[in-house]
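Asker: Sharing a structure, written as structure tokens. Questions coming.
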Amino acid sequence: METDKRSSSVDKAAPDAVSAFEPDVQSSSWLQSRLKIEMKGIERVTDEERQHNTTKFWNACTFWLSANMAVATLNVGSLGGILGLPFWDSFAVILTINVVSNLLPAWTAAFGLTGLRMTTFSRYSFGYWGNILVVIFSMVATTGWNAINSISGAVVLNALSDGKCPTWAGVIIICTVVWIVCALGLNWIHHLDTYAWISPLIVWCVAAGTGASQLTGADPNPISGPNRAAPVLTFMASIFSFAVSWINCAADYNVRMPVDTPRYKIFWATYVGIFVPTVLVQTLGAALYSGTLTNPEWKEAHNEFGVGGLLKMALEPAGGFGKFLMVLAGLSAIPNNIPNNYSFALHAQNFGPWALKVPRVVLVTFGFVAAITIGCCAAEYFDDTLQTLLSVIGYWTVIHITLVIEEHVIFRRGWKGYDLDAWNDPAYLPFGWAAIGAFAFGFVGAALGMKVAWYVGPIAKLIGDGGANIGHELTFAFSAIAFPIFRWMEKRYTGR
């Protein structure tokens, strides 16, 4: 009897929240039918709803192909060279870390078959109120990536125009286009991303060919021991953070898949969609940076325009066609940013019942404004901002996925352990004391092992002369040990 009451209250909570901001039902229906604008927010997409207006499992592949076939991926690949690693060391890190780390967002992508967005699904492990931590950090992460990805595209446009198109102007252009697509919703996103990966793939292939003569595998800093291990560990942390940053939104784009879609299809479509472009483009980024070791002009271009300058030098032999490809490279930041701006609104709606009443489009707009503001400010300190953001996002994401996995395996014992109708009912979800405690322990580990531009942890300092980033390993160890203990106590004393 209690289950019936709960299901009834949950079912009617979402429509009331939406109707409060839909005074003109006929107008909303016209928008939905004519423009196919997505009106719903984080309300669970039921099995019946997924009989109509569905997406296909291969959309999980093309979506991530487009998101990762981007200039920001090129930037991350170049960080190994900036840290002093030769090309082949960078390539080994890129390949090895991506093989493993891409398994995590691919696994969480299948959570979308529950009809729930990832941040909402996290309520089952973090608790209804403990999940606010996930919401806050997810919003910070998506806003940060929105800004960073926009800067990555903007510096390419800046390099193409020889500084005539300021970086802040490029940020505004890219963020505005992203905002329009995200406001329209999921159907438009999947239609765009079915083909958006093709043009940047052409850019990277041409750049690899025209710039090949300037690239080298020589080691600019032939050292060994701890001083070699330190930059390798730090670069590993950056590559890992880039891959796992998709965890908090990977499920969001599969909620309209038919309910009988096999999970393994979602898993492999997502894995291929992330792994292939990430490895290819990061490898190209590492290769392009190697050109600065043999050519002073390439080094000067990188100093002035970052990876945009390297891309300009690589495409210079292609003449006018190369300039056209530079435009396409800059615009690759658009599909790269869509997951961030779109999911920002869905994260925000998890703040509580009041947040459900705010239309998704309003929250998308808020995320758009925040990304422009931060992007224009962060552009001046781009390299330090990128490395710091990658690290901090990686630490909290490690805690997020660790707690979700342990809840799923140890306490829920698989998919049958979830009451999906309880997604919005605090009475049938944990409060989140266990997650809050494990979260705190995880960040103790991060503080001990992190290495960013403004801070090096006491354990991180012990590796090499400048320290190494081992915050992810310590974050995992601390949170993984703490959560099962705290969660057992929470279940024993609260029954949830």
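The values are calculated or read from the model by the stated rules, or taken from the named source; none is laboratory data. These figures come from a predicted structure and were not determined experimentally. All Cβ positions, even for glycine, are placed from backbone atoms using ideal geometry, and neighbour counts span all protein chains on display. Accessible surface is based on the protein model in full, side chains and every heavy atom, while ligands, DNA and RNA are left aside. Shrake-Rupley method; radii C 1.70, N 1.55, O 1.52, S 1.80 Å.
Okay, residues lined up against (1) more than 17 Å from Leu331 (Cα to Cα); (2) under 17 Å from the mean Cα position of the chain (by Cα):
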position: Ser101; (1), (2): yes, yes
position: Ala106; (1), (2): yes, yes
position: Ser122; (1), (2): yes, yes
position: Ser125; (1), (2): yes, no
position: Asn149; (1), (2): no, yes
position: Ala154; (1), (2): no, no
position: Thr167; (1), (2): no, no
position: Asn187; (1), (2): yes, no
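Asker: Any idea which of (1) open to solvent by 10 Å² or more (accessible area, probe 1.4 Å); (2) more than 28 Å from Phe63 (Cβ to Cβ) is the one Gly211 doesn't satisfy?
Answerer: Against the list (1) open to solvent by 10 Å² or more (accessible area, probe 1.4 Å); (2) more than 28 Å from Phe63 (Cβ to Cβ), Gly211 comes up short only on (1).
Asker: Here's another thing I want to ask about it. Quick one: Ala196 ticks every box in (1) closer than 20 Å to Phe324 by Cβ; (2) open to solvent by 60 Å² or more (accessible area, probe 1.4 Å); (3) in a loop (DSSP other than H, G, I, E, B) bar one, so which box is it?
Answerer: So the condition that Ala196 fails would be (2).
Asker: Sticking with this one: Looking at (1) open to solvent by less than 60 Å² (accessible area, probe 1.4 Å); (2) free of Cβ contacts under 8 Å to residues at least 24 places away in the same chain; (3) under 26 Å from Ser241 (Cα atoms), which is the only condition Tyr455 fails?
Answerer: Result: Tyr455 passes all but (1).
Asker: Right, here's the next one. Residue check: is Ser150 closer than 30 Å to Leu116 by Cβ, open to solvent by less than 40 Å² (accessible area, probe 1.4 Å) and either among the polar types (S, T, N, Q) or touching a strand residue (DSSP E or B) at 6+ places or on another chain (Cβ under 8 Å) (or both)?
Answerer: It is true that Ser150 is closer than 30 Å to Leu116 by Cβ, open to solvent by less than 40 Å² (accessible area, probe 1.4 Å) and either among the polar types (S, T, N, Q) or touching a strand residue (DSSP E or B) at 6+ places or on another chain (Cβ under 8 Å) (or both).
Asker: For the stretch 218-259, which residues satisfy the criterion of being closer than 30 Å to Arg50 by Cα and assigned to a loop (DSSP other than H, G, I, E, B)?
Answerer: Ser245, Trp246, Ile247, Asn248, Cys249, Asn254, Val255, Arg256, Met257, Pro258, Val259, listed by residue number.
Asker: Sticking with this one: Can you name every residue in the stretch 458-470 that is part of a loop (DSSP other than H, G, I, E, B), open to solvent by 40 Å² or more (accessible area, probe 1.4 Å), out of contact with any Pro (no Cβ under 9 Å at 6 or more places or on another chain) and not β-branched (Val, Ile, Thr)?
Answerer: Hit for the stretch 458-470 is Pro458, nothing else.
Asker: How many residues does the stretch 66-100 hold that are surrounded by fewer than 24 Cβ atoms within 10 Å (Cβ to Cβ) and under 30 Å from Thr120 (Cβ atoms)?
Answerer: Summing the residues that are surrounded by fewer than 24 Cβ atoms within 10 Å (Cβ to Cβ) and under 30 Å from Thr120 (Cβ atoms) in the stretch 66-100 gives 4.
Asker: Take residues that are within 26 Å of Ala106 (Cβ to Cβ) and open to solvent by less than 10 Å² (accessible area, probe 1.4 Å) and tell me which of the helices (runs of 4 or more DSSP H) falling wholly in the stretch 276-388 contain 1 or more.
Answerer: 333-348, 360-378
Asker: Output yes when any residue across the stretch 245-252 is modelled with pLDDT of 90 or more, open to solvent by less than 40 Å² (accessible area, probe 1.4 Å) and aromatic (Phe, Trp, Tyr), and no when none is.
Answerer: Among the residues of the stretch 245-252, at least one is modelled with pLDDT of 90 or more, open to solvent by less than 40 Å² (accessible area, probe 1.4 Å) and aromatic (Phe, Trp, Tyr), which makes the answer yes.
Asker: Ok, one more. Tally up the residues in the stretch 413-442 that are open to solvent by 50 Å² or more (accessible area, probe 1.4 Å), modelled with pLDDT of 90 or more and within 27 Å of the chain's Cα centre (by Cα), please.
Answerer: The total comes to 5.
Asker: Still on this structure: So, Lys265, is that one open to solvent by 60 Å² or more (accessible area, probe 1.4 Å), touching a residue at least 40 places away in the same chain (Cβ under 8 Å) and in a helix (DSSP H, G or I) or not? Step through it out loud before you land on a result.
Answerer: Working: open to solvent by 60 Å² or more (accessible area, probe 1.4 Å): yes; touching a residue at least 40 places away in the same chain (Cβ under 8 Å): yes; in a helix (DSSP H, G or I): yes.
In short, yes.
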